[in-house]
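First up is the structure itself, then whatever we jot down about it.
The values are calculated or read from the model by the stated rules, or taken from the named source; none is laboratory data. On a predicted model such as this, the values are computed, not experimentally measured, just so you know. Because the Cβ atoms are built from the backbone with ideal geometry, glycine has one as well, and the counts that use them run over all protein chains shown.
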Amino acid sequence: MSWSKDKDGPDSRAEAGRRGYHHGNLREALIKAALDLILAKGLAGVNFAEAARAAGVSPAAPYRHFRDRDALLADVARQGYELFADRLGAAWNDGRPDPMTAFNQVGKAYLAFARSEPAYYTAMFEAGIALDDHPDLRLAGDKAFAIVRTAADVLSATLPKGRRPPALMMALHIWSLSHGIASLFARGDGGGASCP
């Protein structure tokens, strides 16, 4: 192949480069593809070949940004936790208008996130990603939980001294309860339960 410049066209090297690999933001395209795959096929349907196909790139392209499927899912989960933390923080609103109302808003925001962002929620809580392998994911998850912990600290402080539950225990109970409700109702049938 000659790399000479045509008299009417661009340099052949530049033309070859334009025909080759190019994607504006491959990382984000792969994350979006993974989210779409989770919605369509569940976690089992997420693999590099399918994500690459959905992003319109070669099957090898995901390796430019992610070492494996778990790394891709960890990045999806990290983004989910960041969005989750933003929504929980907005709902908490520094405990305004009062701690009980704000705490109630946090619970509602938790459930609303699970309902409105099911693919992120699935990646965050069901992918089984080893947090020790992904410190940025752990940090994002800790940030989201810290909002619930802060809310529990403030709410607990409003109770009489002898009747205050440990704030961490309270936060863990609220997190677990919210997660359980979200998981049951995410199935669409309320987990077989009927709500009054």
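Points worth noting:
- Only a single criterion out of (1) loosely packed, with under 14 Cβ neighbours inside 10 Å; (2) under 21 Å from ILE181 (Cα atoms); (3) aliphatic (A, V, I, L, M) is not satisfied by ALA102, namely (1).
- Condition met for TYR121 (within 23 Å of GLU28 (Cα to Cα) and buried (at least 18 other Cβ atoms within 10 Å of the Cβ)): yes
- Flag if TYR63 is crowded, with 16+ Cβ neighbours inside 10 Å, hydroxyl-bearing (Ser, Thr, Tyr) and part of a helix (DSSP H, G or I): no
- Residue under evaluation ASP75, criteria (1) touching a Gly at 6+ places or on another chain (Cβ under 9 Å); (2) at pLDDT 95 or above, criterion not met: (1)
- Being within 25 Å of ALA44 (Cα to Cα) and either modelled with pLDDT under 95 or exposed (fewer than 12 other Cβ atoms within 10 Å of the Cβ) (or both) holds for only one residue in ALA157, ALA140, ALA182, and it is ALA182.
- Single residue of the stretch 40-52 satisfying the filter (within 21 Å of LEU137 (Cα to Cα) and in a helix (DSSP H, G or I)) that is nearest to the chain's Cα centre (by Cα): LEU43
- Filter result for the condition that a residue is aliphatic (A, V, I, L, M), over 12 Å from the mean Cα position of the chain (by Cα) and more than 21 Å from LEU139 (Cβ to Cβ), over ALA71, ALA55: ALA55
Per-residue answers, yes or no, for (1) modelled with pLDDT under 50; (2) in the same structural domain as MET124 (by TED's automatic domain parsing); (3) not in a loop (DSSP other than H, G, I, E, B):
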{"position": "TRP3", "(1), (2), (3)": "yes, no, no"}
{"position": "GLY9", "(1), (2), (3)": "yes, no, no"}
{"position": "GLY17", "(1), (2), (3)": "yes, no, yes"}
{"position": "LEU30", "(1), (2), (3)": "no, no, yes"}
{"position": "LEU37", "(1), (2), (3)": "no, no, yes"}
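- Any chance LEU155 is farther than 30 Å from ARG67 by Cβ and aliphatic (A, V, I, L, M): yes
- ALA54 vs. criteria hydrophobic (A, V, I, L, M, F, W, C) and free of Cβ contacts under 8 Å to residues at least 12 places away in the same chain: no
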